[in-house]
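These notes concern the structure reproduced below.
The values are calculated or read from the model by the stated rules, or taken from the named source; none is laboratory data. Predicted, not measured: the structure shown is a model, and the values here were computed from it. Cβ placement follows ideal geometry from the backbone for every residue including glycine, while neighbour counts extend to all protein chains displayed. Ligands, DNA and RNA are stripped out before the accessible areas are found, and what is left, the full protein with its side chains, is counted by its heavy atoms. Shrake-Rupley method; radii C 1.70, N 1.55, O 1.52, S 1.80 Å.
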Amino acid sequence: MKAQLMNDMKTAMKAKDKLRVDTIRMANAAIKNAEINGKKELSEGEVVEIIGKEIKMRRDALEEYKKAERPEDVAKLEKEIEILLVYMPEQLSEAELREIIQDTINQTGAQGAREMGKLMGALMPKVKGKADGKLVSNLVKELLG
């Protein structure tokens, strides 16, 4: 994954695609920081997790920029998210996600919102990196409610 990021950054540099270069550079910096802090080489799964965090940060900022009516920043963030999504595993559709959540509810026997933590603990390892956490949470609330 890290090699792919570096190759894509070189390609973007040659194409003079500043936004792609900057976005990949920020992702590489986040990965490097995590390696330095953890004092170890990151696994493929950990790299995907960091890229997921970068996407989440941008999605959160996107909401704020929309509220502040800053269309040029919204467009830039949407493009950055699009660039980073290339490095994520294929995302689950809402139907697939509902099915996984329902199976996990059946396995854990969770009933009602009080057992949401128990359900999420069993569910998140199954969907980590493959679905947006906010969507997962909303679907769990809907199916438990």
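The table below gives the values:
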| quantity | calculated |
| --- | --- |
| Computed helical MRE - 222 nm, the chain, DSSP H runs ≥ 4 contributing -39500 (n - 2.57), nearest 500 | -25500 deg cm²/dmol |
| Descending semi-axes in whole angstrom, ellipsoid equivalent of region 1-61, from the Cα gyration tensor | 20, 15, 9 |
| Gained length - residue 91 relative to residue 30, 0.36 nm times residue gap less alpha-carbon distance | 19.8 nm |
| Added length on full extension, which subtracts the Cα-Cα distance from 0.36 nm per residue, residue 16 to residue 70 | 16.9 nm |
| Whole-percent carbon and sulfur share, accessible surface of the chain, 1.4 Å | 53 percent |
| Charge dipole magnitude, Cβ of K and R +1, D and E -1 - the chain, Cα centre, debye nearest 20 | 440 debye |
| Probe 1.4 Å, accessible area per residue of region 9-138, Å² | 64 Å² |
| Of 67/128; 14/39; 2/53; 53/76; 39/76, those spanning more than 22 Å from alpha-carbon to alpha-carbon | 67/128; 14/39; 39/76 |
| Over the chain: Rg over Rh, Cα atoms, Kirkwood Rh | 1.04 |
